[in-house]
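Data first, discussion second: the structure below is written as structure tokens.
The values are calculated or read from the model by the stated rules, or taken from the named source; none is laboratory data. Everything numeric in this text was worked out from a predicted model, so none of it was measured. Heads up, the Cβs are rebuilt from the backbone with ideal geometry, glycines too, and the neighbour counts pull from every protein chain shown.
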Amino acid sequence: MKRIAVLHESPKPTWTSKRLLEAARRRGCKPLYLQPSMISAVVGDGVVYHGRRLEVDAVIVRSIGRFLSLEVFLRRMGLLAQLEEIGVVVVNPYEALMKTRDKYMSIMLLRKAGVPVPETLVTEDPAEALRYAERWGDVVIKPLTGSLGLGSFRATSADQVYRVVMMIRSLGQPIYMQRFVEKKGNRDIRVFVVDGEPVAAIYRVAPPGSWKTNIARGATPIPLNDPGEAGELAVKATRALGLLYSGVDVAETGDGGYVVFEVNASPLWRGLYEATGVDPAEQIIGLVLDLLKRG
């Protein structure tokens, strides 16, 4: 019996983690739920969980935690690297998670792979941010490692940009700013990719008065049966970052093109499941079992 663990820094399994645990059980596996803060590493001699040697065949990384210090982040990422080193299948892999955790690194790799992305500035110089904000006119300022649309600001004036970037710099953080992209119908497309295939897609329509299309920020999910070119771009973006599964945010632009905003290595899918009836947990567990079979 294969032992498949879901890794999430939460005292109790979230909805998404429960779906994975249930899917693993249905496939005849022994599911385990682990908190990364409770796993200790013995370099050269495996890992320990609550005082016992941890024996698992695969680990599905849902979250290593939020608001981590650099030291804790490196420790937990190092743990994933050690699990891979001792032969545990880690999904998504350590190197891919490192790339996607950093929006700066991600967008460079996507552009290199020929994936269309927004014009982006990354700087520690508020004056440079102001110069580009004036040039672009309408900008979005995001946290370098954020998610769920939290902490993203849209600004259309130099005064707004100044206040936001000075607040960011007062916290010792770099400035990540993109030219605002007008989305067709004030919506984007979330494509869920597993093992190189788009398994489900939805439109995410922003709530009235908002530009944010995150489900967590109140957007409405609408099923999209055939994502077409958006699905192809999502697969290309996922491969460019070395991910085995992902949630890719794609927007239709006014000129009929597409742009990829973000590739999520640990996407949530409750809204997608409720809109489409597709549960990616089944495909993810199937992928993990295939990887174990391949050795």
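Picking from residues in the range 206-231 that are assigned to a helix (DSSP H, G or I) and in contact with a strand residue (DSSP E or B) (Cβ under 7 Å, 6 or more places away or on another chain), the one that is modelled with the lowest pLDDT is 215. Condition first: touching a Phe, Trp or Tyr at 6+ places or on another chain (Cβ under 9 Å) and over 22 Å from residue 62 (Cα atoms). Can you find one or more residues in the range 205-217 that meet it? Yes, there is a match, as at least one residue in the range 205-217 is touching a Phe, Trp or Tyr at 6+ places or on another chain (Cβ under 9 Å) and over 22 Å from residue 62 (Cα atoms).
Does residue 87 satisfy the condition of being free of Cβ contacts under 8 Å to residues at least 12 places away in the same chain, surrounded by fewer than 15 Cβ atoms within 10 Å (Cβ to Cβ) and out of contact with any Gly (no Cβ under 8 Å at 6 or more places or on another chain)? In short, yes. If the condition is being in contact with a helix residue (DSSP H, G or I) (Cβ under 7 Å, 6 or more places away or on another chain) and either surrounded by 11 or more Cβ atoms within 10 Å (Cβ to Cβ) or of a type in the set (D, E, K, R) (or both), then the range 48-67 contributes 49, 57, 58, 59, 60, 61, 62, 64, 65. Which of (1) surrounded by fewer than 17 Cβ atoms within 10 Å (Cβ to Cβ); (2) closer than 28 Å to residue 269 by Cβ; (3) modelled with pLDDT of 95 or more is the odd one out, the single condition residue 128 does not satisfy? Going through the list (1) surrounded by fewer than 17 Cβ atoms within 10 Å (Cβ to Cβ); (2) closer than 28 Å to residue 269 by Cβ; (3) modelled with pLDDT of 95 or more, residue 128 breaks only (2).
Screening the candidates 121, 110 for the property of being over 19 Å from residue 138 (Cα atoms) and outside any loop (DSSP other than H, G, I, E, B) yields one hit, 110. The residues in the range 125-175 that are in a helix (DSSP H, G or I) and of a type outside the set (A, V, I, L, M, F, W, C) can be counted, and the count is 12. Collect the residues in the range 225-245 that are without any contact (Cβ under 8 Å) to a residue 60 or more places away in the chain and touching a Ser or Thr at 6+ places or on another chain (Cβ under 8 Å), keeping them in residue-number order. Listed by number, the residues that qualify are 234, 238. Among the residues that make up the range 180-193, is at least one of them farther than 16 Å from residue 259 by Cβ and surrounded by 14 or more Cβ atoms within 10 Å (Cβ to Cβ)? Yes: the range 180-193 contains one or more residues that are farther than 16 Å from residue 259 by Cβ and surrounded by 14 or more Cβ atoms within 10 Å (Cβ to Cβ).
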